[in-house]
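Take a look at the structure below.
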Amino acid sequence: MTMNKSQVKGEKHVLSSILPAFQRNLRIAGTLLSVYYAYMVEYRAELLLWVLSGSLPIILMGLWVEAARSGQFGLTSVDFARYFLAAFIARQFTVVWVIWEFEREIVEGRLSFRLLQPLNPIWHHFASHAAERLARLPFAFGLIVLFFLLYPQAFWLPSPTTLALFMVVIILAFALRFLMQYTLAMFAFWIERASALEQFWFLFYLFLSGLVAPLEVFPPLVREIVLWTPFPYLIYFPASLLVGLPVNLGKSLLVIVIWTVLFFLAYRWLWRRGLRQYSGMGA
Amino acid sequence: MGRYWQVLTLFWTTAIAAELEYRVNFLLAALSSLGGLAGSLFGLFLFYQNDYTFAGWSWEQALVVLGVFTLLQGFSSTFLAPNLNRIVRHIQQGTLDFVLLKPINSQFWLSTHTLSPWGFPDLVFGLIVIFYAGMRLGLHARDYLLSLVPILFGSLILYSLWFILGATSIWFVKIYNVTEVLRGLLEAGRFPMVAYPTAYRFFFTFVVPVAFLTTVPAEVILGRGEMGWTLGAGGLAIALLFASRAFWQFALRFYTSASS
């Protein structure tokens, strides 16, 4: 390598400013995660109940397993059982409630304290959600074991590559779902009950994400349209990947990335305008 | 009795007056329940698209179940959710003291204090679905009237279960989401019981009695209700109602008041 002195000096300079910043961010992330993890583990009973309240895929599993015994749906009973178990898992990892917290922070004016910190408040919420995933893991795992004990025919082990891919996809799905709701949460700057928006939005999520049925049983035209919306990538896509149903990997990843970028831009825009609107009610 | 009636009208007129301040919310609620209904119809349609039917339930008959479910959903978001979800907050903040001091039954106060018109659209849409399916099937007025009995029983069962779960927050303060578990399981009521495998049917009849909430009333509307099931629903409703009362009295002995 031939480099003159000033170049070397310059690089050192850049490095010496990037590295501490990186270390600092890493430290902040670590602290936030461990604090929120400790907080979440305090409420173990509550956490277990949240896990149980996501029982919808299990209920629908019963319906479809029964239906596939006599009807022609293109999937067997065991396929349905596996699919809905995977949907249950995907749901556990992508549950988001940030809009209710953000709304309360705005209405009670508590956002003001967060704004004083040299850290974008989104990271607090993101860390608390991520830590909750970790705290939830043992309960969800217990339920999966219970499921296989009750229904051993459905047992399967995904290959390590599938599992690794699933982990990547589920993180992307969680990020998308989080950004989606956080974008809607920005409307709390203007209206008092932004969560009403989420309740409406949730309907689309509920019926189009693959929570009530795998997209295989949708009418073909509906399926084509739905696959361009962000919803099926939150449940259907990760779940299908895990159980080995055919998916278009490239296109799916592309759609996820496009929607994530769109929601990110919308969030940034609304956040800047919202801060100008924010009056710090009550604080 | 007369006094309770008078108090009830007062509660509800003030609640409606207060909620009418938020008319846009009401519009949103109406839109949401319309969307929810469209989604439920879509979900049901997925089963019926390829000549498959739930054993003994044609499309219209399954619609009746969905109608009863929507009706109950409206009932719970009008009367149950706004009141019973508040019990937790009363306990957490110690304001239950003020309720207990009032010269009126505390369970009555907690269960009826407010009502939210947000559930009205669901009530209306539920009735529309039932009557639409009923017209297609040519049902009799007598059966509609008769079905009021199991629907009443179903509402009482739902109320009692919800109240009992809410009352457990006397011990476990931060447990309000136990009612979310109940709500999640109630989703099973969208479909007639025969659509489920045997183990599910057992669970939804004897553990969480969803069968009595929607399938039993729907059978009566269709004019093929069996006396035994309706009687069972009645027995269960009365037993649970008394249980909720006894449980509340028992729970209050452990109430230690949070702030005073």
- Averaged over A:187-195, how many beta carbons belonging to a partner chain fall within 10 Å of each residue's beta carbon? 1
- Task: Step through the residues of the range A:21-27 one at a time and calculate ³J(HN,Hα) from phi using the Karplus curve (6.51 cos²θ - 1.76 cosθ + 1.60, θ = phi - 60°), rounding each to whole Hz and writing x for Gly and Pro.
- Result: 4, 5, 4, 5, 4, 4, 5
- Label points 7 Å out from Cα along the Cβ direction at residue A:26 and residue B:58: separation in nm? 7.0 nm
- Message: Using alpha carbons only, how many angstrom separate the centre of the range B:16-39 from the centre of the range B:44-84?
- Response: 20 Å
- In nm, to one decimal, how far is the modelled label at residue A:150 from the one at residue B:26, with both set 7 Å along Cα→Cβ? 4.3 nm
- Query: Cα centroids of the range B:182-260 and the range A:227-279: how far apart, whole angstrom?
  - Reply: 39 Å
- Message: In the range B:71-109, whose amide N lies under 15 Å from the spot 7 Å out along Cα-to-Cβ of residue B:16? List them in ranges.
- Response: B:78-79
- Query: Ordered by residue, what ³J(HN,Hα) values in Hz, to whole numbers, does the range B:109-125 give under the Karplus form 6.51 cos²θ - 1.76 cosθ + 1.60, where θ = phi - 60° and Gly and Pro are x?
  - Reply: 4, 5, 8, 10, 4, 9, 8, 10, x, 4, x, 4, x, 5, 4, 5, 5
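Based only on other Cβ atoms within 10 Å, what is the fewest-to-most ordering of B:51, A:79, B:122, B:97?
Arranged by neighbour count, lowest to highest, B:51, A:79, B:122, B:97 become B:51, B:97, A:79, B:122.
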- Of B:68-76, B:237-245, ordering from highest average Cβ density within 10 Å down gives B:68-76, B:237-245
- Task: Using the Kirkwood radius over Cα pairs, work out the Stokes-Einstein diffusion coefficient for the range A:84-214 at 10 °C and 1.306 mPa s, in µm²/s as a whole number.
- Result: 95 µm²/s
- Item | Rg/Rh (Cα only; Kirkwood hydrodynamic radius) as it applies to the range A:113-177 | 1.15
- Task: Using per-residue counts of other Cβ atoms within 10 Å, averaged over each peptide, order B:2-9, A:221-228, B:205-212 from highest down.
- Result: B:205-212, A:221-228, B:2-9
- Query: About the Cα centre of chain A, what is the dipole size in debye to 20, counting +1 per Lys and Arg Cβ and -1 per Asp and Glu Cβ, all else neutral?
  - Reply: 1000 debye
- Query: Picking from B:188, B:156, B:13, whose Cα lies most toward the positive end of the charge dipole for the range B:2-252 (charges on Cβ: Lys, Arg +1; Asp, Glu -1)?
  - Reply: B:13
- Mean other chain Cβ within 10 Å across A:38-49 is 2
- Message: I'd like the FRET efficiency for residue B:256 and residue A:115, computed as 1/(1 + (r/R0)^6) with the beta carbon distance as r and R0 of 41 Å, rounded to 0.05.
- Response: 0.60
- Net dipole in debye of the protein assembly as shown [+1 Lys, Arg Cβ; -1 Asp, Glu Cβ; about Cα centre; nearest 20]: 1440 debye
- Task: Taking each pair of different alpha-carbon atoms in the range B:1-125 once, compute 1/r for the pair, average those values, and report the inverse of that mean as the Kirkwood hydrodynamic radius in Å to one decimal.
- Result: 17.0 Å
- In terms of the ratio Rg/(2.2 N^0.38 Å) built on C-alpha atoms, what value belongs to the range A:40-277? 1.07
- Note on the structure: Rounded to the nearest whole number, the per residue volume of the convex hull around the C-alpha atoms of the range B:2-252 in Å³ is 143 Å³
- Could you tell me which of A:131, A:213, A:145 has its Cα farthest along the dipole of the protein assembly as shown towards the positive end, charges placed at Cβ (Lys, Arg +1; Asp, Glu -1), taken about the Cα centre? A:131
- Task: Within a 10 angstrom radius of each residue's Cβ in B:140-152, how many Cβ atoms of other chains show up on average? Whole number is fine.
- Result: 0
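Contour minus end-to-end for residue A:278 and residue A:204, with contour as 0.36 nm per residue of separation and end-to-end as the Cα-Cα distance?
23.7 nm is the gain from fully extending residue A:278 to residue A:204.
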- Taking a spot 7 Å from the Cα of residue B:143 along the direction of its beta carbon, which residues of the range B:187-224 have an amide N less than 11 Å from it? B:218-224
- Task: Work out Dmax and Rg for the protein assembly as shown from the C-alpha atoms and quote the Rg first, both in angstrom.
- Result: 25.7, 98
- Positive minus negative residues near residue A:243 (Lys, Arg vs Asp, Glu; Cβ under 15 Å): 0
- Query: Assigning unit charges at the beta carbon (Lys, Arg +1; Asp, Glu -1) and nothing else, what dipole magnitude in debye, to the nearest 20, does the range A:148-283 show about its Cα centre?
  - Reply: 460 debye
- Query: Which whole-Hz ³J(HN,Hα) couplings does the range B:126-137 yield from phi under the Karplus relation 6.51 cos²θ - 1.76 cosθ + 1.60, θ = phi - 60°, glycine and proline marked x?
  - Reply: x, 5, 4, 4, 4, 6, 4, 5, x, 5, 4, 8
- Message: Using the Cα centre of chain A as origin and beta-carbon charges of +1 (Lys, Arg) and -1 (Asp, Glu), tell me which of A:182, A:265, A:243 is placed farthest towards the positive end of the dipole.
- Response: A:265
- Evaluate the Debye formula for the range A:185-262 with equal point scatterers sitting on the alpha carbons, no solvent, and hand back log10 of I(q)/I(0) at q = 0.20, 0.21, 0.25 Å⁻¹, in q order, two decimals. -0.90, -0.96, -1.20
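Only the coordinates and a few stated rules stand behind these numbers; no lab work does. Predicted model, so just to flag it, every value in this text is computed and none were measured. When we count neighbours, we look across all protein chains shown, and the Cβ atoms used for this are built from the backbone with ideal geometry, even at glycine.
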